[in-house]
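Everything below concerns the one structure shown next.
The values are calculated or read from the model by the stated rules, or taken from the named source; none is laboratory data. From a predicted model like this one, the values you see are computed outputs, not experimental measurements. All Cβ positions, glycine included, derive from the backbone under ideal geometry; neighbour counts span all protein chains shown.
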Amino acid sequence: MDTDLLRAFVTVAECQGFSAAGKVLHRTQSAISLQIKRLEEQMGKALFERTSRSVLLTVPGERLLPYARHMLKLEDETREALSESPRGELIRFGTSEEQAGAYLPALLPHHAARFPETRFEVSCDISAALVERFQEGLLDVVLSIRHAPTQSGHLLGWEPMVWVVAEGHSPRDWASLPLALNPEGCIFRAHALSALGRLGRRWELRYVSQSPTGINLPVQAGLAVTVKTPRSVPEGCRIVGEEEGLPPLGQVEVELHRRPGHASGALAAFCEALEGSVADNQRVSAPQSAG
């Protein structure tokens, strides 16, 4: 079997669409459609059921998928084993700075012990920008906060959003609440402004930064209020809520995007460890969010 055709098949199946698969594989939608047509001709069976709204696997397609993944894994391992100058796999990982600070200090040494040749390229940005880069095929794995439903995002769980202010300060200190938030496009910012609007609370956007440091500094200095998850509350700050006049913010969804059609041991192990770390964090944060 032609592994290029199998890779296109697995990518379409995991992206649930030809257009999304084309972006990941850097090919046009028509080129992907042609590859799937050739594979279906070889198999003598339809592998996808196409409708105006979705692309779903047929029964033969579901049977082929695990075998296709296994063959692609063997191909990747064979190429690496026969390489004259073997280099560790490059994993292009995207996440926010705060998530990187929360998870990577423990994950990277553990991964390096198992896969010492692996190389990492870490990109930190707001979630919407990272997911867009993933869909363009520029990142292999993205840990993000869900902004809108996507075909590639796998839901890992939920995290509460909380208001944060410097210790010794209270939202009642200000008639017009000074805010320190991320730029437009951040879901934390959208939730904060929407909640304040529903409450009718006056506010001013005093500090805007894409960097957590740019947000944390004015908050720690007692100059502004911001929105975080419990795991990201900076030193010298505390969580405040309805008892001090601020509206509830609800929760955000945490999701993982993983490059389709690629099943190396190093990438699979990293994603598995990342999912475990997120789950552990949620168990630790649960008592805080309940209060």
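Scanning the range 205-233 for residues that are closer than 15 Å to residue 171 by Cβ and charged (D, E, K, R) returns 206, 228.
Of the strands (runs of 3 or more DSSP E) entirely within the range 163-249, those holding at least 1 residues that are in contact with a Pro (Cβ under 7 Å, 6 or more places away or on another chain) and more than 28 Å from residue 131 (Cβ to Cβ) occupy 177-181, 203-208, 237-240.
So, in the range 36-74, how many residues would count as being of a type in the set (D, E, K, R) and modelled with pLDDT of 90 or more? It would help to see each step written out before you state the result.
Residues of the range 36-74 of a type in the set (D, E, K, R): 37-38, 40-41, 45, 49-50, 53, 62-63, 69, 73.
Pick out the ones that are also modelled with pLDDT of 90 or more and you get 37-38, 40-41, 45, 49, 62-63.
Number satisfying all stated conditions: 8.
With respect to (1) of a type in the set (S, T, N, Q); (2) more than 18 Å from the chain's Cα centre (by Cα); (3) at pLDDT 90 or above; (4) surrounded by fewer than 18 Cβ atoms within 10 Å (Cβ to Cβ), the lone exception for residue 288 is condition (3). Out of 69, 133, 114, one residue alone is touching a residue at least 12 places away in the same chain (Cβ under 8 Å), over 20 Å from the mean Cα position of the chain (by Cα) and within 20 Å of residue 26 (Cα to Cα). It is 69.
Checking the structure you have, find out if any residue of the range 192-206 is within 20 Å of residue 159 (Cβ to Cβ) and in contact (Cβ under 8 Å) with a residue 60 or more places away in the chain. There is no residue in the range 192-206 that is within 20 Å of residue 159 (Cβ to Cβ) and in contact (Cβ under 8 Å) with a residue 60 or more places away in the chain. When the range 5-64 is filtered for residues that are of a type in the set (Val, Ile, Thr), in contact (Cβ under 8 Å) with a residue 12 or more places away in the chain and surrounded by fewer than 19 Cβ atoms within 10 Å (Cβ to Cβ), only 58 remains. Of the helices (runs of 4 or more DSSP H) lying entirely inside the range 41-141, those containing at least 1 residues that are out of contact with any strand residue (DSSP E or B) (no Cβ under 9 Å at 6 or more places or on another chain) and hydroxyl-bearing (Ser, Thr, Tyr) span 59-82.
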